[in-house]
Every structure is written in C-alpha cells, then in structure tokens.
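J.: To start, I am sharing the structure in question, which I have written as structure tokens.
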Amino acid sequence: MLFALIVSLGIVPALSNSSLAEEREIPESLKHLFACNETITLGKVIHEYNQLDESENVLISGNVNFENGKAVNLGIQKGYPAIMWVYQVSPFPTDYRMAMSDGVHIADDNSFVFSIPENKLEEGKFIAYIFYGIPKESMQNSMLTGKAEFYIGINNDEFEKQEYENMRKYLGVDDIKRLQLEKIKELNSVNSYDFCSN
C-alpha cells in the first residue's frame, strides 16, 4: 500500500517513466489529506520610520490560518508563537547566512507582526521565513511557512546587477544564461505543485 502511494504521488518518477513529480496529480482518494490553504498568510512587507527611536523598521505581518482550532496543514492547536528566521542572501555565488531570529505571540484574531530594526542588519537582500510552532529548515519554501523578501540599503535591480557582475568574474556567457534560466524555472516551479486549482 505504501509503495502504491509513493508511486502514485510521483515520488519515484524513475519508476513511472516521468522526469518530474509535478506531472503527477494527487489521487482524489488522497486529496483529503492535504489542505489547499497555506498555514501562514503574509501581508505586504512595509518599511516604516519610527520617530520615537529615529530608526527605520521592516514590518512583516500576517495571519496563521486555523481550521477547527488547528493550524492548517500542521494540525497543531492554538497557543504556539510565530517564529521568524531571517537570512541574508549574498550575490553570486549565492549563499544564505542566518542574520537574526525572533518570535512573537499570535493575537486573538490569529494575526502577528514582526518589527525588524534596519540598523541591526547589513545592507543587502534578505529572506524571512515565518513558522508556526516549532521551526524546521525542511519546512522552508512550502505551504507550511510564510516567506517574505526585502532589501535594506539597495533595491532588487541593484542586487541583480551585483549578482551579474560577480557572475561575469567567474563564468562565461553560456553558464550565466544557463543559471538565469534555472532561476526562472525554479521560480515557476513553485506553482507546479498546486493540486488545489483543479
């Protein structure tokens, strides 16, 4: 039974003559095991000036989604905090370094707000992962975790220019094009696992 489940989900694409698992569809009989909602819903990242402290803060707000008193996709009850891990992303060669972590209580309406003082971070690109309950690295980039990107001291265009300049130092034109295509493919693959749209 377990083997049939693994093959039907496309976890072993080599056995089914399929190159990618996203070509597989979740069988109707198993869809009840998966929720179609995200565990964490994030709002827009806001850069705010705090006159009292005379400092700039990055605000990341959102909600933990609950169904029947339990967190969607996790099945854990209310009462846990929201945990945030913030990574700084370096331009090519891409590297992620933990810049900070924080935790906040969930309000009665299931909302939360993280306030990140910009002066505690260096200039650059950052990715924040928001977890409910116990955070695990394996949950990043999944429906179980909220993900927000923000920049401090530079913008997206400047970061991409730095990345391209660094690539030119080490790679040829064909390698750069290949990496850029892989990046586009990776971004597009996020939507390919959505079985809820059917």
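J.: Need the list of lysines near LYS177 for cross-linking: C-alpha distance under 29 angstrom, and skip anything on the same chain fewer than eight residues off.
T.: Candidates past the 8-residue exclusion: LYS125, LYS147, LYS161, LYS169, LYS185.
J.: From the backbone phi of region 162-177, what are the Karplus-calculated ³J(HN,Hα) couplings (6.51 cos²θ - 1.76 cosθ + 1.60, θ = phi - 60°) in whole Hz, Gly and Pro given as x?
T.: Once θ is set to phi - 60°, the couplings for region 162-177 become 4, 4, 5, 4, 5, 4, 4, 5, 10, 10, x, 4, 5, 5, 5, 4 Hz.
J.: Across the Cα atoms of region 60-106, what radius of gyration and what greatest pairwise Cα-Cα distance (Dmax) are found, in Å?
T.: 14.8, 45
J.: Using 7 Å Cα-to-Cβ label points, what is the GLU67/TYR170 separation (nm, one decimal)?
T.: 4.3 nm
J.: Using R₀ = 35 Å, calculate the FRET efficiency as 1/(1 + (r/R₀)^6) where r is the Cβ-Cβ separation of GLN162 and ASN110; round to 0.05. Don't jump to the answer; show the numbers that get you there.
T.: Details: r = 38 Å, r/R0 = 1.09.
The computed FRET efficiency comes out at 0.35.
J.: So if each residue of separation counts as 0.36 nm, and I subtract the Cα-Cα distance between ILE46 and LEU59, what length gain in nm does that give? Walk me through the numbers before you get to the answer.
T.: Numbers: separation 13, 0.36 × 13 = 4.68 nm, distance 0.51 nm.
Difference between extended and current length: 4.2 nm.
J.: What is the distance, in nm, between label points placed 7 Å from the Cα along the Cα-to-Cβ direction at ASN141 and at ARG178?
T.: 1.9 nm
J.: Enumerate the amide H contacts of PHE66 below 5 Å, restricted to partners 5 or more residues apart or on another chain; note that Pro and chain-start residues carry no placed amide H.
T.: Placed amide hydrogens put VAL72 under 5 Å from PHE66.
J.: Filter the GluC sites (Glu not before Pro) in region 99-190 down to the DSSP loop ones having no more than 13 other Cβ atoms within 10 Å, then list what survives.
T.: Details: sites: GLU118, GLU122, GLU123, GLU137, GLU149, GLU158, GLU160, GLU163, GLU165, GLU182, GLU186; in loops: GLU122, GLU123.
Filter output for region 99-190: GLU122, GLU123.
J.: Once you place label points 7 Å from the Cα toward the Cβ at ASP95 and GLU149, how far apart are they in nm?
T.: Roughly 2.0 nm, to one decimal.
Readers should treat all values here as calculations from the given coordinates under stated rules, not as data from a laboratory. Remember, it's a predicted structure, so these values are computed and weren't measured experimentally. Note: ideal-geometry Cβ built from the backbone for every residue, glycine included; neighbour counts use all protein chains shown.
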